[in-house]
Amino acid sequence: MLRLKGIIYLALSSLLIWHEFGTPKSGNEWIPQIEKWASTNPTLDFFVTILLLVCGIVVLLYFFKGLSFTFIMGGLTKEEYARTPWAKITFSGSISSHLANSSGSGKNNNIEKAKKYRDSKFSTMSNEEMANDYRKTAWIDSLDSNSTKNASKAKKYINSKLSTMDNETSYKWLKGEK
């Protein structure tokens with residue numbers, strides 16, 4: 001499945017690169033037309049230039065991702081692929097989840113992630129260890145029940161602080177060990 005995905009990425013990104021830079025100048029290239037349209041307004045010109053730069057980087061990234069899927073990682077299973085660095089590069093949810101976390105929209109994704117990790121840790125512990133660790137981390141369960149202004153600020157701060165930590169570090173921080 002990865003090989004097919006790689007072929008599609010490679011074909012589409014190669015087509016875009018060839019259309020813009022590989023053929024002799026025919027006047028059908030999109031970048032000069034977009035730049036000409038945007039040159040009427042300096043502010044618009046700046047934003048369009050930045051947008052074209054980002055689009056160029058994305059096309060190159062998908063070109064190299066397609067090469068990798070097609071020729072290097074094409075035979076990997078989903079589990080094996082999930083352990084590779086390419087699996088961490090996604091555009092579908094990364095920008096929207098970052099905006100949701102930073103906008104103060106009330107979503108506490110990092111807090112929920114820490115709770116899930118804590119619960120998964122409990123499955124490997126004895127009852128005594130689980131009770132002790134739950135006693136140390138139970139305060140995080142009460143964050144959702146308090147909706148006062150200061151509690152909301154604290155919740156945002158905790159969510160932000162947890163975003164900079166991996167699962168194990170955040171679990172130790174919740175227990176007060178770090």
Only one of 11, 38 that is within 30 Å of residue 69 (Cα to Cα) and modelled with pLDDT of 85 or more: 11
Search result, residues across the stretch 12-53 that are exposed (fewer than 12 other Cβ atoms within 10 Å of the Cβ), of a type in the set (Gly, Ala, Ser) and in a helix (DSSP H, G or I): 22
Residues satisfying the stated conditions in the stretch 14-35, i.e. under 21 Å from residue 49 (Cβ atoms), at pLDDT 80 or above and within 31 Å of the chain's Cα centre (by Cα): 16, 17, 30, 31, 34, 35
Number of the exception - residue 178 against (1) closer than 12 Å to residue 111 by Cα; (2) surrounded by 11 or more Cβ atoms within 10 Å (Cβ to Cβ); (3) modelled with pLDDT under 85: (1)
In the stretch 93-136, the residues that are among the β-branched types (Val, Ile, Thr), part of a helix (DSSP H, G or I) and at pLDDT 85 or above: 111
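The values are calculated or read from the model by the stated rules, or taken from the named source; none is laboratory data. As the structure is a prediction and not an experimental result, all values here were calculated from the model. Ideal geometry is used to build each Cβ from the backbone, glycine not excepted, and the neighbour counts take in all protein chains shown.
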